[in-house]
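The values are calculated or read from the model by the stated rules, or taken from the named source; none is laboratory data. Please read all numbers here as calculations on a predicted model, not as lab measurements. FYI the Cβ positions are ideal-geometry reconstructions off the backbone, even for glycines, and counts take in every protein chain you see. Note: accessible area is taken over every heavy atom of the protein model, side chains too, but ligands, DNA and RNA are not part of it. Shrake-Rupley method; radii C 1.70, N 1.55, O 1.52, S 1.80 Å.
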Amino acid sequence: MLEKRDFYIDGAWVAPAKPNDHHVIDPSTEEPCAVISLGGQEDTDKAVAAAKAALPGWMATPPEERIALLEKLLEVYNERAEDLAKAMSLEMGAPIDMSRSSQVGAGSYHLSNFIKAAKAFEFESPLGDHAPNDRIIREAVGVAALITPWNWPMNQITLKVGAAVVAGCTMVLKPSEESPIDAMIFAELMD
């Protein structure tokens, strides 16, 4: 059985403030396949505080650098595609062929499209001919709370994370406790 009790907070895997084990069930056997921790208020506060502290630096990162990091994420995502597929097959019962093609493929597709859209997006533009010295600057609004469901997890994770990365928002991702293993692998990819 996999043991995945730690949370990824502030660039490190950390133990929960208070142990609260939860078994992830393999739907094909109806038996536990992993044990994770359910987070509490203290864990949430720690994650939000870390994301809030990182926000000024991340939102000041030039869009070109954020896009380059998203391209690197896509690269490592594709390198770890089989790990993601196996995790989703295990935790949510998707046939492995479907996990490989559709589940993992959805994430790759979304990240690729965020990269393409970000490269064409005007993060700064003139207000208009009437105000040649004034600019419209599009910037991050804050910490994004990303909550994802148990089904189609990489579809949901990449749609939310890709947008936050491009926009310059830091984030706290809370995956479903029923299918968290793929999100933990995704955190490794982000790291």
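With a simple spin-label model that places each label point 7 Å from the Cα along the Cα-to-Cβ direction, the separation between Glu31 and Asp129 comes to 7.4 nm.
Can you give the net charge of the other residues whose Cβ lies under 14 Å from the Cβ of Leu127, counting K and R as +1 and D and E as -1? Net charge around Leu127: -2. Counted over the range 135-191 with a bin width of 5 Å, the fraction of Cα pairs per bin, in whole percents, is 4, 19, 29, 23, 12, 6, 3, 2, 1, 0. Per-residue 3J(HN,Hα) values for the range 154-159, derived from phi via the Karplus relation 6.51 cos²θ - 1.76 cosθ + 1.60 with θ = phi - 60°, read 5, 4, 6, 4, 5, 4 Hz in sequence order (x marks Gly and Pro).
With 10 Å bins beginning at zero, the pair-distance distribution over Cα atoms of the range 88-191 amounts to 14, 39, 26, 12, 7, 2 %. Heavy-atom surface analysis with a 1.4 Å probe gives the chain a carbon and sulfur content of 56 percent of its accessible area. Positive-end ranking of Ile25, Ile147, Ile67 along the dipole of the chain, with charges on Cβ about the Cα centre, is headed by Ile67. For the chain, the convex hull spanned by the alpha carbon atoms encloses 113 Å³ per residue.
What the range 140-191 shows is 38 Å² of accessible area per residue, with the surface traced by a 1.4 Å probe over protein heavy atoms. Around the Cα centre of the range 124-191, unit charges on the Cβ atoms of Lys, Arg, Asp and Glu (plus for the first two, minus for the last two) sum to a dipole of about 120 debye. Both radii come from the Cα set of the range 1-80: Rg as radius of gyration, Rh as Kirkwood radius; their ratio Rg/Rh reads 1.10. At the residue level, Asp21 shows approximately 80 square angstrom of accessible surface with a 1.4 angstrom probe and all protein chains present. In a simple Cβ point-charge model (Lys, Arg +1; Asp, Glu -1; nothing else charged), the chain has a dipole of about 400 debye relative to its Cα centre. Within a straight-line Cα-Cα reach of under 18 Å, Lys72 can be paired with the following aspartates and glutamates, leaving aside sequence neighbours fewer than 8 residues apart in one chain: Glu64, Glu82, Asp83, Glu188, Asp191.
Which whole-number value in Å² is the accessible area per residue of the range 5-77, probe 1.4 Å?
Values: 4250 Å² over 73 residues.
Heavy-atom accessible area per residue stands at 58 Å².
If R0 equals 35 Å, the separation of the Cβ atoms of Lys119 and Ala54 corresponds to a calculated FRET efficiency of about 0.90.
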